[in-house]
Each structure stands twice: as C-alpha cells, then as structure tokens.
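Notes to accompany the following structure.
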Amino acid sequence: MGRKIQAFLEASETVVFEGEGRAELYGSVTRTLREQGYREQDKRGRGLLLRYLAKMTGLSRSQVTRLVWQDIEHSEVKEAPYQRRRFARRFTRGDIELLAKADEAHETLSGPATKRILEREFQEYGGVGYERLASISLSHLYNLRKRRHYRECSWACAGSDATKRRPASPWPSFRLICDSLLERDKVRPRRPLA
C-alpha cells in the first residue's frame, strides 16, 4: 500500500484536493487512518500517510499531525464545539438597577460623587445590596452606565411620565440654537451712497 501512496504523491505534485466541509474532512481523515492502519505503520509509512492526508485535505502538515493525535487519543477526529470565552460578571442586573435608582435619586452626579454615595450607603447606612457597588472603580461605574439595562432602568425609575419630561434626543433643540447663531445677515458695503 505504501508504494501506491508514494506513486500517487509523486504523480500529483501540482494537484491539491480540498474537502467540502470540516465534518466531511474530519470523517475522511478518520476513515483513511483506519483503512491504512496508521498505528501499525513504521516511521516511514506514517510520514508517507501524513503527506498523503495533507495533500488530500489541503491542510498543513502540522494541522494533519494534530488531527492524527486527536484520533490516537480519542479514537475519532471530530470538531471541537465552539466555546465563547467570557469574563465572569462581577456586577449583577440587581446592582445595575440599584445604581440606576441611586443616580435617579441624586440626578446622576459625577462618577467620584456617585462612588462616594455608594460607599457611604454600604458602610455607614448598612445597605446590604450595595456591598459590591461600594468597591466599584470609576471606570467600571461609567461602563455600567453605558449598558442597555441601566438605560432601561433609569427610564423606568423616572416614572410613567418620563417621556413627557425628557426629549427623545437633545439634538433637535441644539440644532435650532446653532442654526440661529450661524445665520448671517446680507453683507452690505460701508461706502457712502453718492
């Protein structure tokens, strides 16, 4: 079998094969390793088989080696499931709601002032819910204020007539002011009329 693979590799130097999808590709690698008896091959035969798999799959030699090791360890080559890496959340939705209520009560003060209020709420008044918020950094406080849940809570805390009190956007009134400032009168020459 080794001579046939060697002849194939020499004859197809310029030809490159690629699989349709990852599942098909991995299945092909598993079948080839089983049919050719990769584990029973000597070193030369294994090297030849690795070159053959690299040629047939379009993968690099190191990628094929990883797949072969996966087959040896788990007796099957299969795709690893996607796992998103996330940092653990330190502040819960309840903390965000407490921050929104505190900001609403104090009319959204600056970061340092709000941080001091949260610290005092926990240390001096014994607010159990403020334990995590008491140790918040300023940058994280500002990050929490940017979250959608915070914005939803701050509108909910304002009451049912919040839409009446606050404009949807500050820009329309700002634009009117700027437009009136930018209007210019017609330039009139300052020469005396003859």
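Tabulated results
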{"quantity": "Boolean, A102 is part of a helix (DSSP H, G or I) and either in the same structural domain as Y26 (by TED's automatic domain parsing) or more than 30 Å from K4 (Cα to Cα) (or both)", "calculated": "yes"}
{"quantity": "Cβ pairs under 9 Å, 6+ apart, first in region 101-112 and at positive phi and surrounded by fewer than 15 Cβ atoms within 10 Å (Cβ to Cβ), second at pLDDT 85 or above and assigned to a helix (DSSP H, G or I)", "calculated": "T108/T114; T108/R145"}
{"quantity": "Per-region count, region 72-123, residues of a type in the set (F, W, Y), over 18 Å from C153 (Cα atoms) and under 29 Å from the mean Cα position of the chain (by Cα)", "calculated": "2"}
{"quantity": "Scope region 42-58; condition free of Cβ contacts under 8 Å to residues at least 24 places away in the same chain and either among the β-branched types (V, I, T) or in a loop (DSSP other than H, G, I, E, B) (or both); matching residues", "calculated": "D42"}
{"quantity": "Which numbered condition L50 misses (of (1) at pLDDT 85 or above; (2) touching a helix residue (DSSP H, G or I) at 6+ places or on another chain (Cβ under 9 Å); (3) over 28 Å from P81 (Cα atoms))", "calculated": "(3)"}
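The values are calculated or read from the model by the stated rules, or taken from the named source; none is laboratory data. Since the structure is predicted, the reported quantities are computational estimates derived from the model, not experimental observations. No Cβ is skipped: glycine too gets one built from the backbone with ideal geometry, and neighbour counts run over all protein chains shown.
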